[in-house]
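Q: One structure, pasted below without further comment.
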Amino acid sequence: MAKAVKNATHPAATRDRLVKIYELLDKEHADAKLALDYTNPLELLVALILAAQSHDTLVNQITPALFAKYKTARDYADAPRQEIFEFVKRINFAGIKTGRIQSCCQELVKNFHGEVPKTLDELVTLPGVGRKTGNIVLGNAFGIPAIGVDTHVMRLSQRLGFTKNSNPDKIEFDLTPIVPKEKQIRFCHLLQYHGRRVCIAKKPRCPMCVINHLCPYPDKTKPEELKSRPRKSS
Ligand code: SF4
């Protein structure tokens with residue numbers, strides 16, 4: 001089966017395999033969603049800036065008080081920087097991230113009437129916002145099909161043979177034509193959950209993986225190497 005998967009490089013075969021993988025993961029991780037808590041586009045944008053190289057759980061601990069204090073882009077833009085810092089100081093690179101949040105919100109006030117824009121071209125003009133963040137905002141805040149390549153999407157796309165690239169922007173360009181538009185947002189959530197629960201970086205749980213038969217590396221971890229491991233640990 002592994003050989004057959006490795007030989008299935010025709011774009012139509014790749015798309016077909018991807019959709020099968022999507023359907024299996026959709027059942028396996030029915031609860032998959034973006035791990036960050038937010039209630040509007042601005043909150044998501046701020047949470048994503050905070051989440052860079054940090055755990056989502058810590059971001060979710062910090063943001064309720066932050067979001068209660070600052071409700072608009074102008075609130076962040078006009079606040080003393082030290083005041084914002086006090087809310088986020090438990091996160092790594094707190095000073096840099098505070099600066100990015102404030103610069104980003106000042107730009108929103110200056111150029112976008114304080115609203116988070118709905119196009120990637122506009123989003124990436126904001127300080128601290130690259131294609132990954134912009135696409136995650138588009139997909140999750142606005143429901144616009146987009147592929148945000150975070151660490152899990154990157155790693156699993158490589159492992160599943162959907163890309164040979166390691167640059168996130170190039171991976172996005174590889175994935176966009178083969179992931180059906182209506183599946184793009186959830187596809188990212190599913191790869192994130194599968195990457196956390198089963199296809200973990202150091203020792204993927206291949207023997208208990210529901211897409212084992214569709215993966216080019218079904219034997220990356222042998223059953224005897226997993227004897228004491230539980231199935232899920234998210
Ligand atoms: S078979 Fe192994 S390497 Fe392939 S997706 Fe599943 S856990 Fe990851």
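Q: What's the total number of residues in segment 185-221 that are part of a loop (DSSP other than H, G, I, E, B) and within 11 Å of the ligand (Cβ to nearest atom)?
A: Here the count works out to 17.
Q: Another question about this same structure. Restricting segment 178-196 to residues that are in contact (Cβ under 8 Å) with a residue 40 or more places away in the chain and over 15 Å from the mean Cα position of the chain (by Cα), which is surrounded by the fewest Cβ atoms within 10 Å (Cβ to Cβ)?
A: Looking at the filtered set, the residue picked out is Pro180.
Q: May I pose another question? Kindly provide the set of residues from segment 86-111 that are farther than 19 Å from Asn60 by Cα, over 23 Å from the mean Cα position of the chain (by Cα) and among the hydrophobic types (A, V, I, L, M, F, W, C), ordered by number.
A: Val109
Q: Tally time: how many residues in segment 30-50 are farther than 24 Å from Pro177 by Cβ, touching a residue at least 24 places away in the same chain (Cβ under 8 Å) and assigned to a loop (DSSP other than H, G, I, E, B)?
A: Number satisfying all stated conditions: 8.
Q: Here are some conditions: (1) over 19 Å from Arg15 (Cβ atoms); (2) in contact with a Pro (Cβ under 7 Å, 6 or more places away or on another chain); (3) not in a helix (DSSP H, G or I). Arg100 meets all but one. Which one does it not meet?
A: (3)
Q: Another question about this same structure. Got a sec? Which of Thr133, Thr163, Thr98 is touching a Ser or Thr at 6+ places or on another chain (Cβ under 7 Å) and either buried (at least 17 other Cβ atoms within 10 Å of the Cβ) or among the basic types (Lys, Arg) (or both)?
A: Thr163
FYI, it's all coordinate maths here, none of it is from the lab. Nothing here was measured: the structure is a model prediction, and the numbers come from that model. Positions of Cβ are backbone-derived with ideal geometry, glycine not excepted, and every protein chain shown enters the neighbour counts.
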